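Here's the structure, in structure tokens; my notes come after.
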Amino acid sequence: MELINNKYLINEQIGAGSFGIIYKGKNVRTLENVAIKVEPMKNNTKLLKNESTVYQYLTNTYGVPNVKWFGKDKHNYYMVINLLGESLQSIIERRGSLSLKSTLQYGLQILYLLKNIHDKGLIHRDVKPDNFLLGLNDKKNQLHIIDFGFCKSYIIDETTHIPLKKTHNIIGSLTYASINSHNCIELSRRDDLESLGYILIYSYFGDLPWKLESNNALIKKSKNDILNDTNIPEILHEFLKNVRSLEFEEKPNYSILMDMFKREINVK
């Protein structure tokens, strides 16, 4: 076990982010349990420093952990944040699949989290079940959002949206990436929500037709074809069609999307 900043003890590994390893740790002075993300300096990416800056910008935003410390030694960068509980990915794997009601209840929470981040001028760009974790104790039913390694601003200043352009590669997870990401088109708010659509389908079925596929073209085709699948509940069809129809700079109508979910939840 290793002690960093003279007070945080690194214990067992509990996960891996987009570029770093996550460990459970403890503040030896207060005995508070924490999560510690470690990025080796030899990676030469400095993504953890950027992520800690995002977390600090989002301080006290609902559902976003707070950074307790960021620093480095001769070998690694370190970021210490609140310790959270089970991930949505783990919940789905444990249960096999979720009911439509549970799927939409989690979806409602994720929509709210994404809206909060978008309202701050940021897009997450790596929306997947691993990055949504339940809290602990009195927050054990509340989802939190983590892993801001790919996060960026979608506005240049208070009124100017970033321009639409081509990118060099796919951003985020192949499994949950939007079709725009597959086409190497600059991402915006609509793409976070499209990724949520794939999370909802995965939650409900416990699988995705392309989940084990690694070929970009085949995954993109499968995602394009998914709306032809009559087994998918109409509410998920409706959500996916809505977010795919959004223009690059268009602000999603979060209220309408949330109301769609709430209506469906209330009749279940």
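The values are calculated or read from the model by the stated rules, or taken from the named source; none is laboratory data. Here the structure is a predicted model, which is why all the values come from computation and not from measurement. A quick note on method: Cβ atoms are made from the backbone with ideal geometry, for glycine too, and the neighbour counts reach across all protein chains shown.
Okay, here's what the table says:
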{"item": "Residue in the stretch 89-107 that is of a type in the set (Val, Ile, Thr), farther than 24 Å from Gly20 by Cα and either in contact with a Ser or Thr (Cβ under 9 Å, 6 or more places away or on another chain) or assigned to a strand (DSSP E or B) (or both) present", "result": "yes"}
{"item": "All positions within the stretch 38-90 that are aromatic (Phe, Trp, Tyr) and within 23 Å of Pro129 (Cβ to Cβ)", "result": "Tyr55, Tyr62"}
{"item": "Residues of the stretch 156-199 classified as within 23 Å of Lys46 (Cβ to Cβ) and in contact with a His (Cβ under 9 Å, 6 or more places away or on another chain), total", "result": "2"}
{"item": "Out of Val127, Val54, sole residue that is out of contact with any strand residue (DSSP E or B) (no Cβ under 6 Å at 6 or more places or on another chain) and either assigned to a loop (DSSP other than H, G, I, E, B) or free of Cβ contacts under 8 Å to residues at least 12 places away in the same chain (or both)", "result": "Val127"}
{"item": "The stretch 170-189, residues that are among the β-branched types (Val, Ile, Thr) and either outside any loop (DSSP other than H, G, I, E, B) or within 25 Å of Thr160 (Cβ to Cβ) (or both)", "result": "Ile171, Ile179, Ile185"}
{"item": "Residue list for the stretch 61-84, filter: surrounded by fewer than 17 Cβ atoms within 10 Å (Cβ to Cβ) and part of a loop (DSSP other than H, G, I, E, B)", "result": "Tyr62, Asn66, Asp73, Lys74, His75"}
{"item": "Tally of residues being within 30 Å of Gln89 (Cα to Cα) and of a type in the set (A, V, I, L, M) across the stretch 128-166", "result": "6"}
{"item": "Qualifying positions in the stretch 1-43 - more than 17 Å from Lys74 (Cα to Cα), surrounded by 13 or more Cβ atoms within 10 Å (Cβ to Cβ) and of a type in the set (Gly, Ala, Ser)", "result": "Gly15, Gly17, Ser18, Gly25, Ala35"}
{"item": "Residues being surrounded by 13 or more Cβ atoms within 10 Å (Cβ to Cβ), within 19 Å of Leu143 (Cα to Cα) and either modelled with pLDDT under 95 or aromatic (Phe, Trp, Tyr) (or both) - total across the stretch 44-60", "result": "1"}
{"item": "Which numbered condition Asn141 misses (of (1) part of a strand (DSSP E or B); (2) free of Cβ contacts under 8 Å to residues at least 24 places away in the same chain)", "result": "(1)"}
{"item": "Residue within the stretch 207-222 that is assigned to a loop (DSSP other than H, G, I, E, B) and over 22 Å from the mean Cα position of the chain (by Cα) present", "result": "yes"}
{"item": "Single condition Tyr254 does not satisfy, out of (1) out of contact with any Ser or Thr (no Cβ under 8 Å at 6 or more places or on another chain); (2) free of Cβ contacts under 8 Å to residues at least 60 places away in the same chain; (3) of a type outside the set (A, V, I, L, M, F, W, C)", "result": "(2)"}
